[in-house]
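In what follows, a structure is listed as structure tokens, so that the remarks can point back to it.
Bear in mind these aren't lab numbers, they're just calculated from the coordinates by the rules spelled out. Remember, it's a predicted structure, so these values are computed and weren't measured experimentally. Note that each Cβ is placed from the backbone with ideal geometry, even for glycine, and that neighbours are counted across all protein chains shown.
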Amino acid sequence: MFIHVGGKGFGPNSRLQAEIKAKLELTLQRFRARIVRVSAFLEDVNGPKQGLDKSMRLIINIERQPLVVIEDKGETWGSVLDKTAERAAHAVARQLDRLRPKGDRGSRASEVERYLDNKFGYPETN
């Protein structure tokens, strides 16, 4: 998994780049074999002013799948990174879950389907 960090209108310093790469590697580690590239684009909308002006966009390239794009804003780079990385992990998990056959899914949705099937008298397929 290759991780690229860039900035719009400024260049993120090496400490911020290292922090972003470490967080994304940790959060997306379980999908490492399937993710080809993660691009993180940072933008400080208002410059040094305060407010919700830090923006991060993640573009995740999963092999043979559509791109996953996540964007979020916050007051600090740390808060934006935490939210965006967590949302990215959920989005990648959802994308990869769609690939598995319906009966193989270990998700909560399949548990609910089995419950409803049993409750309304449908025979179990397993």
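Going through region 74-90 one residue at a time, which ones are touching a residue at least 24 places away in the same chain (Cβ under 8 Å), touching a strand residue (DSSP E or B) at 6+ places or on another chain (Cβ under 7 Å) and more than 14 Å from Leu16 (Cβ to Cβ)? Correct list: Glu75, Ala88. Within this structure, Arg15 fails the test of being loosely packed, with under 15 Cβ neighbours inside 10 Å and in contact (Cβ under 8 Å) with a residue 24 or more places away in the chain. Being within 26 Å of Leu96 (Cα to Cα), touching a residue at least 60 places away in the same chain (Cβ under 8 Å), of a type in the set (A, V, I, L, M, F, W, C) and touching a strand residue (DSSP E or B) at 6+ places or on another chain (Cβ under 7 Å) holds for only one residue in Ile70, Ile20, Ile3, Ile60, and it is Ile20.
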